[in-house]
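Read the structure below first, then the notes.
The values are calculated or read from the model by the stated rules, or taken from the named source; none is laboratory data. Source: prediction; values computed, not measured. Quick reminder, even Gly has a Cβ in these numbers, built from the backbone with ideal geometry, and neighbours come from all protein chains shown. Note: accessible area is taken over every heavy atom of the protein model, side chains too, but ligands, DNA and RNA are not part of it. Shrake-Rupley method; radii C 1.70, N 1.55, O 1.52, S 1.80 Å.
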Amino acid sequence: MVLQTIPARIRWSVDLMDVQPDDHVLEIGCGPGYGAELICSRLETGKLFAIDRSESGVDRTKRRCARFLDTGRLTVRQIDLATLRVPVKRLTKVYAFNVNLFWVRDCADEVALLHERLLPGGSIYVYYEATRPEQVPELVEKTTAALAAAGFRTQVVQRKVPACVGVIGRR
């Protein structure tokens, strides 16, 4: 199987997370496995738990990241964040790219779960492609409000090429 090149937007977003070798990371919406591959390649004793509601997303991540599954560095499950029971006691980072949950509906329960499971000093990184500039203010406003309501200190990051925006919440 020929693997597709990891898009620049995913590289940028994972670089900003500054994944450490012992981090315990939750990825929400793992899709094709680009983020999972980059995150796992930076882990040594840490682990990534990747979830997606889509069976095809889970399958694609498993195929792309088979070597990390084999070493136990990666676990992938088809599950919705609302029903998630995080297998690690505490997370250091949470990563999501183009996950609509944080701005299209009330996600207070899900964000509260993430706040509870993140260690003090841990962070959540929520990124979006910003290819529709008229939508960016709403994405940022709603995501920032959802994270802040759960007790996260927020920061907005943006990149013009590739066009991306992110909201980082620190516990």
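Is it the case, given these coordinates, that GLU37 is charged (D, E, K, R), over 18 Å from ILE168 (Cβ atoms) and crowded, with 21+ Cβ neighbours inside 10 Å? When the stated conditions are applied, GLU37 passes them. Per the listing ALA82, ALA130, ALA96, ALA112, the residue uniquely under 16 Å from VAL167 (Cβ atoms) and either more than 13 Å from the chain's Cα centre (by Cα) or modelled with pLDDT under 90 (or both) is ALA130. Hey, does segment 105-127 have a residue that's more than 22 Å from ASP18 (Cα to Cα), among the small types (Gly, Ala, Ser) and loosely packed, with under 15 Cβ neighbours inside 10 Å? Scanning segment 105-127, I find at least one residue that is more than 22 Å from ASP18 (Cα to Cα), among the small types (Gly, Ala, Ser) and loosely packed, with under 15 Cβ neighbours inside 10 Å, so the answer is yes.
No other residue among ARG117, ARG60 is among the basic types (Lys, Arg) and touching a residue at least 60 places away in the same chain (Cβ under 8 Å) apart from ARG117.
Only one entry of LEU119, LEU91, LEU114, LEU84 meets the criterion of being in contact with a strand residue (DSSP E or B) (Cβ under 9 Å, 6 or more places away or on another chain) and either polar (S, T, N, Q) or more than 25 Å from ARG11 (Cα to Cα) (or both), and that entry is LEU84. Filtering segment 129-171 to residues that are without any contact (Cβ under 8 Å) to a residue 24 or more places away in the chain, touching a helix residue (DSSP H, G or I) at 6+ places or on another chain (Cβ under 6 Å) and surrounded by 17 or more Cβ atoms within 10 Å (Cβ to Cβ) leaves only THR154.
In segment 42-57, the qualifying residues are those that are among the acidic types (Asp, Glu) and not in a strand (DSSP E or B), and the one that is most open to solvent (accessible area, probe 1.4 Å) is GLU44. Surrounded by fewer than 20 Cβ atoms within 10 Å (Cβ to Cβ) and either in contact with a Phe, Trp or Tyr (Cβ under 8 Å, 6 or more places away or on another chain) or part of a strand (DSSP E or B) (or both): is that true of ARG77 in this structure? The answer is yes for ARG77. Residues in segment 1-57 that are in contact (Cβ under 8 Å) with a residue 40 or more places away in the chain, over 23 Å from ILE79 (Cα atoms) and of a type in the set (A, V, I, L, M): MET1, LEU3, ALA8, LEU16, MET17, VAL19.
Across segment 1-41, the qualifying residues are those that are in a helix (DSSP H, G or I) and polar (S, T, N, Q), and the one among them that is farthest from the chain's Cα centre (by Cα) is SER41.
If you filter segment 42-57 down to residues that are aliphatic (A, V, I, L, M) and under 11 Å from the mean Cα position of the chain (by Cα), you find that the one that is farthest from LEU69 (Cα to Cα) is ILE51.
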